[in-house]
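The values are calculated or read from the model by the stated rules, or taken from the named source; none is laboratory data. Bear in mind the structure is a predicted one, so any value in this text is a computation, not a measurement. Positions of Cβ are generated from backbone atoms using ideal geometry, with glycine treated the same way; all protein chains shown enter the neighbour counts. With ligands, DNA and RNA removed, areas are computed over all heavy atoms of the protein, side chains included. Shrake-Rupley method; radii C 1.70, N 1.55, O 1.52, S 1.80 Å.
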Amino acid sequence: QSLQADGSMKVSFYEEWLVPPAQGVEEALRRWLADSGLYSAVTAPGSRIETDLVMEGELTALWTVPATRQGHATLGVAVARERGASSQVMLQRAVSAEAPMAGDGAREAVAAQTDALAEVFTRIESGLRGM
């Protein structure tokens, strides 16, 4: 998707997703945090698996802005440490990032969105490292 100068969203005919973007991004962030080595596992709310962290995410933006040649991503995230019946909120915020597009094509748009998401994930991980 791309945000046009008039504020409308342009969606190309080939825009198809294997999973809904919000679901895919949230799962990718869980894997990112688990792979960081800080935590043994990161699960979704309602999981019966005992883990270090429970994370909820809400993807609120994932698009390119052709006028500025930028990919943009915003993810609202809440991360809690759960110990038995009690939980402690460790992080709750919206995190945004932008990344430059190397060109005007679909591949460049996807790469810029991916880079923006990677920066969002890095900022969330950094926020949790300080705790």
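Ordered from largest to smallest accessible area (heavy atoms of protein chains, 1.4 Å probe), the residues MET9, MET55 come out as MET9, MET55. The angle between the Cα long axis of helix 21-35 and the main principal axis of the chain comes to about 50°, on a 0 to 90 degree scale. Only helical runs count toward this figure. For the chain, summing -39,500 (n - 2.57) over DSSP H runs of n ≥ 4 and dividing by all residues gives -10000 deg cm²/dmol at 222 nm.
Shape class of the range 77-128 from the Cα gyration tensor (axes a ≥ b ≥ c, square roots of the eigenvalues): prolate, since a/c reaches 1.5 or more and a/b is larger than b/c.
Solvent-accessible surface (1.4 Å probe) assigned to GLU119 amounts to roughly 70 Å². Volume per residue of the convex hull around the Cα atoms, evaluated for the chain, comes out as 116 Å³.
The dipole here belongs to the chain: it is taken about the Cα centre, uses +1 on the Cβ of Lys and Arg and -1 on the Cβ of Asp and Glu, and is about 320 debye. Summed over the residues of the range 36-107 and divided among them, the accessible surface reaches 58 Å² per residue at a probe radius of 1.4 Å.
Close amide H contacts of GLN70 (hydrogens built in the peptide plane, cut-off under 5 Å, sequence separation of 5 or more or a different chain): VAL65, MET101.
Can you find, among SER87, ALA109, SER36, the residue sitting farthest towards the positive end of the charge dipole of the chain, where Lys and Arg contribute +1 and Asp and Glu -1 at Cβ? Of the options given, the answer is SER87.
Among ASP115, ASP35, the sequence by solvent-accessible area, most first, with a 1.4 Å probe is ASP35, ASP115.
Taking the C-alpha atoms only, the angle from helix 106-129 to the longest principal axis of the chain is near 30 degrees. Database remark: amide H of LEU91 closer than 5 angstrom to the amide H of VAL79 (H placed geometrically; neighbours at sequence offset of 5 or more, or on other chains; Pro and chain starts carry no H).
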